[in-house]
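Values quoted throughout were computed directly from the atomic coordinates according to the rules given, and no laboratory measurement underlies them. Please read all numbers here as calculations on a predicted model, not as lab measurements. Neighbour counts are summed over all protein chains in view; Cβ atoms, including those assigned to glycine, are modelled from backbone coordinates with ideal geometry.
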Amino acid sequence: MHGAQSGRARTAIEHNPRVCFSVAEIGRMLPAATAYAMGGEYASVIVFGRASVVTDKAEATRALRRLIEKYFPHLEYGKDYRSISPEELARTAVYRIDIEEWSGKRKQAAQDFPGAFWYPRPENHSN
């Protein structure tokens, strides 16, 4: 993760590096005949560990570039955007989490689950 060189996140991590980080993805909504039985598909992971500020400039630059590659895979380095400059990197804190424990959960219904739908319906999904 990344953020400003100073602020609440950095102060908290420097005071106590123990962290919990979670990631979740929602799938289709799953209707049912009763309110209690209604639900949705999901996948989630939670990790517990220790966060630290990445001080190696090459490692920090690689981490930031990987974030861009993840969220903007259609953009090409060197063509659509340039690397982070030393001045920009000096204003950015990059954090690493050394994972000590993790767990995950997933709920996925059959492809033909009656009435399953995406909400809101993203353009790239279909029933």
Would you say VAL23 is over 19 Å from TYR119 (Cα atoms) and not polar (S, T, N, Q)? no
The strands (runs of 3 or more DSSP E) lying entirely within region 1-73 that contain at least 2 residues which are closer than 30 Å to ALA110 by Cβ are 18-30, 39-53
Does LYS105 meet the test of being surrounded by fewer than 14 Cβ atoms within 10 Å (Cβ to Cβ), within 30 Å of PRO120 (Cα to Cα), basic (Lys, Arg) and in contact (Cβ under 8 Å) with a residue 60 or more places away in the chain? yes
